[in-house]
Amino acid sequence: MATQAITPKEMIGSPKNLTVSRQKTIVNIITYTLLGLGAAIVLVPFYWMVRTSLTAGTRLFVFPPPFFPDPIVWRNYIDAWNALQVSFTRFTANTLFVTILAMSAEIFTCSLVAYGFARFRFPGRDILFLIMLSTMMLPGVVTLVPTFILWRSLKLIDTYDPLTLGAWFAWGPSYIFLLRQFFLSLPKEVEEAARIDGANLFQIYWHIMLPLVKPALLAIAVLSFIGNWNNFMGPLIYLNSGEKYPLIMALKFFEQSLSKEAPLFHYMMAMTTMMSIPLLALYFFMQRNLIEGITAGAVKG
Amino acid sequence: MIDTGSWVKDYPFTFSHWLLVGAAIILVMLITYRLLKMLGMKTEAASGLALIMPWVLGFLIFNLYPFIASFYLSLTEYNPLRPLKLDQLPALVGFKNYIYAFTRDPNFWPSIRLTLLYGAISIPLGLAGSLATAMLLARNIRGVGIWRTLYYMPAVLPAAATALLWRWMFNPTSGLINTILSPFFSLFHMDKPAWFTDPQLVLPSFVIMGMWGIFGTTTVILLAGLKNIPRDLYDSATVDGAGLISQFRHITLPQVTPTLFYVLVTSMIAALQYFTQALFITTPRQAGIFLNVYIWQQAFNQQKMGYASSLAWILLALTLMLTLLVFRSQSFWVFYEGEIQSETKKKRRKNLQLRQSVMSK
């Protein structure tokens, strides 16, 4: 290997290295061009969403569609907010209500279950864990009808109960899996020291273990928030009265306007933008955790 | 009549139940712990079992019971509108539903075909595309974080929003896609495609929309996988004079196969359960009815819950078959570190033992 070492003089002088550096520049140009092209493909639909939301309803079907809306109609947002019989204030409140209840119960129970699977030895642990992982493959529709019958027999259809109470039962095997990976990576001495100091199980969990897995907790918090905010199948099946709908179901009202003569694409895009802003904001602030969350299963597993 | 003020009742109703169930769960955990201790179990085992109780209960109530019940229902013609006497189970009809689905239902095979074709086209395209993107990002480029943030953005958007947005962009007369492509169409004297409203183009439209929506997730995961490849493999390959292409073939591709495998399995399961987007897009006739959507229609629009359960079990069988197939195929193409390095690991372990025995002396 030593014979291949290049002296600084050779590096500058030799024509071979010149072509290498030129090659590098060309490869770099291609890389950035491709990446930029990809970014454009990703971003243009986002732009189109915002653009349409600011376009006047009468100018929606102008051809060719202007790239910039003219005039910019900010009123669309206010009009769309109040376009339905129920104001979007209520839809937003519904969404927040369901999302927060489901998310907090999910984080609480999933972290307890993950802690149990990761740090304690008990009979049948590995088999139970395997069963838990295999439930990830079960298509949702298989359990859908009996679960619906269950909630109906409890007379809880058209309430928020089916959308929130299940979260207490550690739904979300992937969250448990992710948290377990984090718990496993902690040294055993952490708990032993606390136990010698006389801390009980819950104190150890709450004061020592949870703070140590905070990045993973934040990751599942973000994933769970996004998941519940975007949950569609649940409200679709369990809610009947329009005023109880979350945002995603309210969009369905606008969607039904599409079959009519004047489709309300501008209202629809305005509310889609509104609905996406909290998620995008959350994503920008928490992306480190989120990306850790989505990649952990693939790379660590 | 819509009652906007009903939240005063609605929220406290569920919130009180929510608190009760939460308290009950904690109580169950405590009781489990006490009970197991009383039965003479060690503290560690009793604590562990008590901690996983929420999942155990959830598994029994929301997985195992519905799983068995749905198989039972699939053998009946259960219709919730037809009144049943109290405590009376719907009558068994054998495999009638399954036979009907396979032989006579005119919408069954088209929905299977659409679902499978969607997966068969969008998954390979998506994997190849995101692997290429991830490889570009894995080069030492500036601002990896910013690019990654950008590419993941569509995955954060609600599926319903994605569907509505693309439906608008695919609008035949004044959608963005046809506007951008219109010079191309006039050059070749072609008619503007009608995308979602043309039965022939429904599938490609879904594929294009799906690619945009899921591209980011797979790219981010594959990027993490690429970053995990030990750098020294490339360094030694460069020293040995391996070009970029042979580095890709002999290092990058084999090393990234475990991640590719993971992404393949998850995107396959997701494709088989394609639902939300499809529900927000109305297509002519049944051209856009994916299997999952069809099951939902049968159960909740047609109230044929027995038949829907049979369809759900067919979907389950399909999922299991395909997953098994992919898992079986692993040995042909997925490269695991352990397989080759087990020899060196053995050696390393031997060395370690040797060193320890020397040190203990």
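Values computed for the structure shown
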{"item": "Neighbours by Cβ (under 7 Å, 6+ apart or cross-chain): first from the range A:46-58, in a loop (DSSP other than H, G, I, E, B); second surrounded by 15 or more Cβ atoms within 10 Å (Cβ to Cβ) and of a type in the set (S, T, N, Q)", "result": "A:54/A:76"}
{"item": "Scope the range A:160-199; condition within 11 Å of chain B (Cβ to nearest Cβ) and not hydrophobic (A, V, I, L, M, F, W, C); matching residues", "result": "A:160, A:161, A:162, A:164, A:166, A:172, A:173, A:174, A:175, A:180, A:191, A:195"}
{"item": "Failed condition for residue A:145, given (1) closer than 30 Å to residue B:13 by Cβ; (2) at the interface with chain B (Cβ under 7 Å from one of its Cβ atoms); (3) in contact (Cβ under 8 Å) with a residue 24 or more places away in the chain; (4) over 17 Å from the mean Cα position of the chain (by Cα)", "result": "(3)"}
{"item": "Close pairs from the range B:148-172: first more than 7 Å from chain A (Cβ to nearest Cβ), partner basic (Lys, Arg) and part of a loop (DSSP other than H, G, I, E, B), Cβ under 9 Å, at least 6 apart", "result": "B:172/B:192"}
{"item": "Flag if residue A:269 is closer than 21 Å to residue A:73 by Cα and facing another protein chain (nearest Cβ under 9 Å)", "result": "yes"}
{"item": "The lone exception for residue B:305 - which of (1) at the interface with chain A (Cβ under 8 Å from one of its Cβ atoms); (2) within 19 Å of the chain's Cα centre (by Cα) it fails", "result": "(2)"}
{"item": "Selection status of residue B:32, of a type in the set (Ser, Thr, Tyr) and more than 9 Å from chain A (Cβ to nearest Cβ)", "result": "yes"}
{"item": "Positions within the range A:112-126 being more than 7 Å from every other protein chain (Cβ to nearest Cβ) and closer than 23 Å to residue B:266 by Cβ, in sequence order", "result": "A:114, A:118, A:126"}
{"item": "Filtered residues of the range A:202-241 (kept if of a type in the set (Gly, Ala, Ser) and in a helix (DSSP H, G or I))", "result": "A:216, A:219, A:221, A:224, A:227, A:234"}
{"item": "Qualifying residue in the range B:30-51 (condition: free of Cβ contacts under 8 Å to residues at least 60 places away in the same chain and within 24 Å of residue A:149 (Cα to Cα))", "result": "no"}
{"item": "Residue in the range A:62-78 that is within 30 Å of residue A:158 (Cβ to Cβ), out of contact with any Lys or Arg (no Cβ under 7 Å at 6 or more places or on another chain) and not β-branched (Val, Ile, Thr) present", "result": "yes"}
{"item": "Which numbered condition residue B:90 misses (of (1) more than 26 Å from residue A:155 (Cβ to Cβ); (2) in contact with an Asp or Glu (Cβ under 8 Å, 6 or more places away or on another chain))", "result": "(1)"}
{"item": "The range A:178-207: number of residues that are of a type in the set (Val, Ile, Thr) and buried (at least 16 other Cβ atoms within 10 Å of the Cβ)", "result": "1"}
{"item": "Tally of residues being outside any helix (DSSP H, G or I), at pLDDT 75 or above and more than 10 Å from every other protein chain (Cβ to nearest Cβ) across the range A:251-266", "result": "1"}
{"item": "Meets criteria (under 23 Å from the mean Cα position of the chain (by Cα), facing chain A (nearest Cβ under 10 Å) and surrounded by fewer than 17 Cβ atoms within 10 Å (Cβ to Cβ)) for residue B:132", "result": "yes"}
{"item": "Residue B:9 vs. criteria more than 34 Å from the chain's Cα centre (by Cα), under 22 Å from residue A:200 (Cβ atoms) and not aromatic (Phe, Trp, Tyr)", "result": "no"}
{"item": "Search result, residues across the range B:258-296 that are assigned to a helix (DSSP H, G or I), more than 8 Å from chain A (Cβ to nearest Cβ) and under 20 Å from residue B:198 (Cα atoms)", "result": "B:277, B:278, B:291, B:293, B:294"}
{"item": "All positions within the range A:93-115 that are within 10 Å of residue A:176 (Cα to Cα) and either of a type outside the set (A, V, I, L, M) or without any contact (Cβ under 8 Å) to a residue 24 or more places away in the chain (or both)", "result": "A:106, A:109, A:110, A:111, A:115"}
{"item": "Pick from the range B:202-245, criterion among the small types (Gly, Ala, Ser) and closer than 23 Å to residue B:278 by Cα, ranking: nearest to the other protein chains (Cβ to nearest Cβ)", "result": "B:216"}
{"item": "In the range A:120-136, the residues that are out of contact with any Gly (no Cβ under 6 Å at 6 or more places or on another chain), surrounded by 16 or more Cβ atoms within 10 Å (Cβ to Cβ), farther than 14 Å from residue B:60 by Cβ and not charged (D, E, K, R)", "result": "A:129"}
{"item": "Hits in the range B:146-177 (condition: closer than 30 Å to residue B:110 by Cα, at pLDDT 85 or above and not hydrophobic (A, V, I, L, M, F, W, C))", "result": "B:154, B:158, B:162, B:167, B:171"}
{"item": "Matching entry among A:112, A:144 (being buried (at least 20 other Cβ atoms within 10 Å of the Cβ) and in contact with a helix residue (DSSP H, G or I) (Cβ under 6 Å, 6 or more places away or on another chain))", "result": "A:112"}
{"item": "First in the range A:78-89 and surrounded by 14 or more Cβ atoms within 10 Å (Cβ to Cβ), second anywhere and part of a loop (DSSP other than H, G, I, E, B) and of a type outside the set (A, V, I, L, M), Cβ under 9 Å, 6 or more apart", "result": "A:81/A:87; A:86/A:245; A:88/A:82"}
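The values are calculated or read from the model by the stated rules, or taken from the named source; none is laboratory data. What you are looking at is a predicted structure, and each value in this text was computed from that prediction instead of being measured. Positions of Cβ are generated from backbone atoms using ideal geometry, with glycine treated the same way; all protein chains shown enter the neighbour counts.
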